[in-house]
Each structure stands twice: as structure tokens, then as C-alpha cells.
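One structure is given here, and the rest of the page talks about it.
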Amino acid sequence: MPIFPKDFLWGAATSSYQVEGDNSNCDWWEWEKKVGLKDVSGHACRHYDLFREDFDKAAELNHNAHRISIEWSRIEPSNQEFSESQLKHYIDVIDALRQRNIEPIVTLHHFTNPLWFSRLGGWESGEAEKFFLRYVKFIVNALSEKVRFWVTINEPNVYAYHAYLIGAWPPQKKSISKTRIVLNNLANAHISCYKAIHDIYRSKGLNPPFVSIAHNAQAFVPCKDNLRNKIACALRNKWYNLDFIDKLFKHRALDYIGINYYTRSLVEVKGWGIHNLILDVCTSQHHPLAKNSLGWDIYPQGLYDVLKGFKKYNLPIIITENGICTEDDSLRWDYISEHLKMVHRALKDGIKVKGYIYWSLMDNFEWDKGFSHRFGLISIDYNNFARTIRQSAVNFANVCKTGSLD
Ligand code: GCO
């Protein structure tokens, strides 16, 4: 029976824009309307008003940690104008977690940007790092006594890919060169924020914080076991999984590695061109696996493979996201329990996993895919915003309480 360490972090994650509601000062709010998304975020889950009720449920579910994000566009609605009232809101949010003995894990950027920032060029701009650092210093100065775990940027690779390479998210650019610039600016922003955060804690005589990014990693699996597919998998593993972390690691800008894992990419390369090697996937169904409602393969083995790939950094790892969107809650529990078995296997191999944070505490706004893909341990009725705890959440609560997966 897999037994997890006594001090293991157990909980769930959300992000401000996906759950709070009425986040009207950021680029996504304007963009949703401009492109006429079928689902606009609107009131989302009304978590901005209902956060205490949600955290009561997290406590009832034996979570000892919870990952939130702070909405930059609320804190700094216009350039250099900082909102004390919005800061007070997030202080109340953090206090509410602590009052319930839940460790906050605080993300400072989760895909959305203030409108003023995006109008000044967003993450393509050479000033992006300066603007983001100014906001981070404002927040960390105010919250340093209450927060130990920080995530500066959620999934830089996913953000850059969707917003600058395939043009699926605002500002809808489709440029390899712009993607490279944005990734470089995001990495430099994290590095300068890492140093600034540690400086703030040191200047206050506080114990050092734990600072990382939340890094999306995939298992790249060759469809046919041929040389071309194996080379493509090795290249994607390097480019997608390792390069960004490598850069931060070389700048000594990681106290742990936050890993977001969901699925595998089944690689079937149709040619030796660079686009083939980077993008080709298997389009047939000769390796059928159960899938989530977005069509992503359910592949727990991939979590172990990914964790093994990060062992070389010899850093603590927190699984900052792992989850499934499905209408079948029994599949949700299977997903959680099978991935936890892989976490335990990694622990037995000496990989320093310190926590498992399920995505997500509640059903929420899945970006351009809208509200129909439900990840939550807690279901949301969007007609009246009623919350209902799912059976999978109760099963997971038992693991959080006992530390064992029987
Ligand atoms: C992400 C995000 C979440 C998503 C989740 C499911 O990693 O993309 O952190 O915003 O909702 O991953 O796609």
C-alpha cells in the first residue's frame, strides 16, 4: 500500500481568471468579447466573493495546501497605480487559508495580463520584465510574512505557445521569433523576481521562501518505435520539458520545480523537416487510451517518466497541477489514484516530490474551451453557483488525511 511522507503537501489549485469572476481589467476580458468566444468568463465561479466557502470545503477535504493566483490587473489596474483595496482582498484570501491551516502556494502570473501592459507590447516588450518585477515586489513586500511558496509564472511554455506561436490566445500572434523573445523575457522576468523575492525575505529576517515556476511537462512517446520518432521525442523533451528549466537552474533561480502534468504526446513524424520533428503527432487510434473530455490521453506512466527526467536537478518537486476534465467522476478518481501511484513510485526511486496539488478545486473557465470541461473536485452549478463535493474529492480527502493510497 503506497504510503506518502508525513509532511507531504496535499491540495488543489485554481487561477484567478478561471474562478474569481468579473476580471474586467485584463487582456482576456477584452479579447473574449473581441473574438466572440462562445463562453466568456463573466462571473466565472464567483470565487472572488465565495472564497471563504470554497476554503471551508478544501479544509473539509483535508487539504493542507492550496494554490491560488493573484490577478495582476486587479493589483495594478493602470500603469504604476497600485490598488490597496485589491491588495487587502488578497491578504484576506491568504489569511482565510491560514485560518484553516492550509498552506498558500501563490502564483503571480497565470496567463492573463493587465490591459495597460498588453497595450505597451506585453511580453514582447523589452520593458515587460521591469513592469512585472515592480508588481511582484509590491505583492511580496505585503505578503512575505504570510506566504512561503511562490510560483512566479504559470506555464511560460504553454502561454508562449498559445499566445505567440499558434495564435490561439491574446494577443494571437503566430511567430517563431516573437515566441522566442517572449520565452526569453519570461525567463529573465522569473530570474529577476527570484532574486528580488529572496532579497525581500532576507531583508526582513524571514526564513527563505520557496520560489519556482509551474512548468507544464508532457511525456513524449514514439508511436512506431523507429529512429525518426525517437529523435523527435528526444528533441521535444529537450525543447519543451527541459530547456526553460535548464536556463533557470543555471541562474540558480529555482528552490523547487513546480510541475504541471496532464498527458502524453504520441509522436508519429511524417518527415525530417523541423516542423515535422517539432509538431507531428499520431493521428490514428491504434494505441487507444481513455481520454479526458478535451481528448487528452490518460497516461499515468508519463508522470513517472517526467519526474524521472527532472531528477538530475536534485531539487524538491511539487506537482503544482495534475487533473482530468470528465463528466465521469469515477474516471476522475481512477486518474488521481493512478497518478498518485506513479508519484509514489518516483518517491521510492529517490525523486524528491514534496506535494501533489490537483487541478482543480472546482470546475472553472477552461480558457478558450469555456466552461464545459469540468476538472473540479467540487462541481459548480453555473445557474446558481452552488458547490457540490464530488465522490472523487471524498476519496482524495481520505488520502490527504491518511497519507496512504489503500
Ligand atoms: C494550465 C493551467 C490551467 C488549465 C489546466 C487544464 O496549465 O493550462 O494552469 O489554467 O485550466 O491546465 O488545461
TODO: Could you check how many residues of the stretch 305-324 are more than 15 Å from residue 258 (Cβ to Cβ) and surrounded by 22 or more Cβ atoms within 10 Å (Cβ to Cβ)?
DONE: 1
- [ ] Please state which one of 178, 238, 247 is modelled with pLDDT of 95 or more, closer than 30 Å to residue 335 by Cβ, assigned to a helix (DSSP H, G or I) and basic (Lys, Arg).
- [x] 238
- [ ] Considering only the stretch 1-26, state which residues are within 15 Å of the ligand (Cβ to nearest atom) and either surrounded by fewer than 24 Cβ atoms within 10 Å (Cβ to Cβ) or in contact (Cβ under 8 Å) with a residue 60 or more places away in the chain (or both).
- [x] 11, 12, 13, 14, 15, 16, 17, 18, 19, 23, 26
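Is the stretch 343-361 home to any residue that is assigned to a loop (DSSP other than H, G, I, E, B), within 30 Å of residue 113 (Cβ to Cβ) and either touching a strand residue (DSSP E or B) at 6+ places or on another chain (Cβ under 6 Å) or not basic (Lys, Arg) (or both)?
Yes, the stretch 343-361 contains at least one residue that is assigned to a loop (DSSP other than H, G, I, E, B), within 30 Å of residue 113 (Cβ to Cβ) and either touching a strand residue (DSSP E or B) at 6+ places or on another chain (Cβ under 6 Å) or not basic (Lys, Arg) (or both).
For residue 227, are the conditions met, namely being within 16 Å of the ligand (Cβ to nearest atom) and over 27 Å from residue 345 (Cα atoms)? Talk me through it step by step, then tell me what you get.
Values: within 16 Å of the ligand (Cβ to nearest atom): no; over 27 Å from residue 345 (Cα atoms): yes.
No: the conditions fail for residue 227.
Considering only the stretch 257-279, state which residues are in a loop (DSSP other than H, G, I, E, B) and either surrounded by fewer than 22 Cβ atoms within 10 Å (Cβ to Cβ) or out of contact with any Lys or Arg (no Cβ under 8 Å at 6 or more places or on another chain) (or both). Working first, answer last.
We begin by selecting, within the stretch 257-279, every residue in a loop (DSSP other than H, G, I, E, B); these are 268-273.
If the condition is that a residue be in a loop (DSSP other than H, G, I, E, B) and either surrounded by fewer than 22 Cβ atoms within 10 Å (Cβ to Cβ) or out of contact with any Lys or Arg (no Cβ under 8 Å at 6 or more places or on another chain) (or both), then 268, 270, 271, 272, 273 are the ones that fit.
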TODO: Could you list, in sequence order, all residues of the stretch 249-271 that are touching a Ser or Thr at 6+ places or on another chain (Cβ under 8 Å) and either away from the ligand (no atom under 16 Å from the Cβ) or of a type in the set (Asp, Glu) (or both)?
DONE: 254, 255, 256, 268
Task: residue 31 being among the hydrophobic types (A, V, I, L, M, F, W, C), within 16 Å of the ligand (Cβ to nearest atom), over 19 Å from the mean Cα position of the chain (by Cα) and in a helix (DSSP H, G or I) - done: yes
Open item on the list: Just to verify a result, which residue in the stretch 79-117, among those that are in a strand (DSSP E or B) and surrounded by 13 or more Cβ atoms within 10 Å (Cβ to Cβ), is nearest to the ligand (Cβ to nearest atom)?
Closed with: 107
Task: Any pair with Cβ under 9 angstrom, 6 or more apart, that starts in the stretch 390-406 at a residue that is within 19 Å of residue 325 (Cβ to Cβ) and touching a residue at least 12 places away in the same chain (Cβ under 8 Å) and ends at one that is surrounded by fewer than 19 Cβ atoms within 10 Å (Cβ to Cβ) and of a type in the set (Ser, Thr, Tyr) - done: 390/379; 391/330; 392/330; 395/337; 396/337
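Quick check, is residue 324 part of a strand (DSSP E or B) and within 14 Å of the ligand (Cβ to nearest atom)?
Criteria not met by residue 324.
Regarding the stretch 284-306, can at least one residue be identified that is part of a helix (DSSP H, G or I), in contact (Cβ under 8 Å) with a residue 40 or more places away in the chain, more than 16 Å from the ligand (Cβ to nearest atom) and among the charged types (D, E, K, R)?
Yes, there is a match, as at least one residue in the stretch 284-306 is part of a helix (DSSP H, G or I), in contact (Cβ under 8 Å) with a residue 40 or more places away in the chain, more than 16 Å from the ligand (Cβ to nearest atom) and among the charged types (D, E, K, R).
Taking the conditions exactly as written (crowded, with 17+ Cβ neighbours inside 10 Å and either polar (S, T, N, Q) or more than 30 Å from residue 64 (Cβ to Cβ) (or both)), does residue 168 satisfy them or not? Lay out the reasoning, then the answer.
Details: crowded, with 17+ Cβ neighbours inside 10 Å: no; either polar (S, T, N, Q) or more than 30 Å from residue 64 (Cβ to Cβ) (or both): yes.
For residue 168, the condition - crowded, with 17+ Cβ neighbours inside 10 Å and either polar (S, T, N, Q) or more than 30 Å from residue 64 (Cβ to Cβ) (or both) - is not met.
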TODO: Would you mention how many residues in the stretch 375-406 are buried (at least 22 other Cβ atoms within 10 Å of the Cβ) and either part of a helix (DSSP H, G or I) or of a type in the set (D, E, K, R) (or both)?
DONE: 4
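For the stretch 339-371, name all the residues that are away from the ligand (no atom under 13 Å from the Cβ) and under 20 Å from the mean Cα position of the chain (by Cα). So that I can check it myself, show each step before the final result.
First, pick out the residues of the stretch 339-371 that are away from the ligand (no atom under 13 Å from the Cβ): 339-356.
Result: 339, 340, 342, 343, 352, 353, 354, 355, 356.
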TODO: Name every residue in the stretch 215-244 that is surrounded by 18 or more Cβ atoms within 10 Å (Cβ to Cβ), out of contact with any helix residue (DSSP H, G or I) (no Cβ under 9 Å at 6 or more places or on another chain) and of a type in the set (A, V, I, L, M, F, W, C), in order of residue number.
DONE: 233
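The values are calculated or read from the model by the stated rules, or taken from the named source; none is laboratory data. Because the structure is predicted, anything quoted here is derived from the model rather than measured. Heads up, the Cβs are rebuilt from the backbone with ideal geometry, glycines too, and the neighbour counts pull from every protein chain shown.
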